[in-house]
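Below: one structure, written as structure tokens.
The values are calculated or read from the model by the stated rules, or taken from the named source; none is laboratory data. Just so it is clear, the model here is predicted, and its values are computed rather than measured. Note that each Cβ is placed from the backbone with ideal geometry, even for glycine, and that neighbours are counted across all protein chains shown.
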Amino acid sequence: MDMTVDDKQELVDCWKINYRNNESELRKIEEFIETYNSNDAIRWYTRDSGLYRILNAALRNENLDVIIAFRFLIKDIYKQLRDEYKKEDIHVYRGQMLAKTEFEQMKSNTIGQYISMNTFLSASKSKNVALQFISSFVDGHTNNSALQSVLFDIEIDHNHFESVKPYASISHLSFFGNSEEEVLFMLGTIFKIRNIRQDNGIWTVQLQLCDENDH
């Protein structure tokens with residue numbers, strides 16, 4: 001089912017409510033209203049805007065009202081990932097700051113346990129890009145005692161699965177082009193924890209992409 005005018009208006013209304021006093025953001029909203037089509041979903045998602053922030057917060061917090069308002073965008077991103085998906089064995093990395101309580105919960109999971117991502121997961125084919133994200137965050141935030149820097153090391157080996165949620169290299173679709181060598185995973189993607197270790201103050205979590213029927 002294609003997006004309707006009402007579908008689009010729900011998203012726009014939600015976006016405007018959150019940024020009604022932000023002129024820069026309101027200009028982006030007008031651009032979205034005038035130019036958006038389904039082939040632009042990933043470009044808009046990767047752009048630095050309230051659209052990305054509102055959707056990710058809603059997915060993390062399981063805010064169903066907002067998720068429903070953004071449903072057509074989620075569907076369009078899924079379609080783009082499905083169309084771009086290729087079976088290839090690759091290694092990707094994600095640098096992230098996690099709340100220490102959240103990380104301790106992750107560490108308590110036994111090696112071999114499965115985790116499901118409740119948001120879209122962005123990673124890079126470049127380990128340096130992932131590490132630079134961590135470094136820039138630490139340098140820019142002096143009060144981060146409640147946060148833990150984590151490097152996700154993700155292995156994609158097609159010998160280990162037959163059916164997965166789509167993922168794809170999106171450099172040619174991303175707002176930022178090829179600078180981050182970005183790979184985007186569909187929300188709900190399942191990984192197996194292979195190892196958790198600490199190197200030079202950074203915790204590395206080794207994950208393996210898993211078949212949807214394995215867990």
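Annotations for the structure displayed:
- Odd one out for residue 119, checked against (1) touching a Lys or Arg at 6+ places or on another chain (Cβ under 7 Å); (2) within 20 Å of residue 194 (Cα to Cα); (3) surrounded by 12 or more Cβ atoms within 10 Å (Cβ to Cβ): (2)
- Residues that are within 17 Å of the chain's Cα centre (by Cα), within 25 Å of residue 38 (Cα to Cα) and of a type outside the set (Asp, Glu) within the stretch 76-109 comprise 77, 78, 79, 80, 81, 82, 85, listed in sequence order.
- Filtered by the rule that a residue be assigned to a helix (DSSP H, G or I) and loosely packed, with under 15 Cβ neighbours inside 10 Å, the stretch 27-53 gives 27, 30, 31, 33, 34, 35, 38, 39, 53.
- Taken over the stretch 168-182, the criterion of being assigned to a loop (DSSP other than H, G, I, E, B), at pLDDT 85 or above and among the small types (Gly, Ala, Ser) is satisfied by 171, 174.
- Close pairs (6 angstrom Cβ cut-off, 6 or more residues apart or separate chains): without any contact (Cβ under 8 Å) to a residue 40 or more places away in the chain in the stretch 55-80, part of a helix (DSSP H, G or I) and surrounded by fewer than 16 Cβ atoms within 10 Å (Cβ to Cβ) anywhere: 58/67
- Of the residues examined, residue 134 is not one that is surrounded by 12 or more Cβ atoms within 10 Å (Cβ to Cβ), in contact (Cβ under 8 Å) with a residue 24 or more places away in the chain, more than 15 Å from residue 210 (Cα to Cα) and over 18 Å from the mean Cα position of the chain (by Cα).
- Members of the stretch 44-61 found to be of a type in the set (D, E, K, R) and either touching a helix residue (DSSP H, G or I) at 6+ places or on another chain (Cβ under 6 Å) or modelled with pLDDT of 95 or more (or both), listed by number: 53
- The residues in the stretch 70-86 that are buried (at least 16 other Cβ atoms within 10 Å of the Cβ) and not in a helix (DSSP H, G or I) can be counted, and the count is 1.
- Residue 23 of a type outside the set (Val, Ile, Thr) and without any contact (Cβ under 8 Å) to a residue 12 or more places away in the chain: yes
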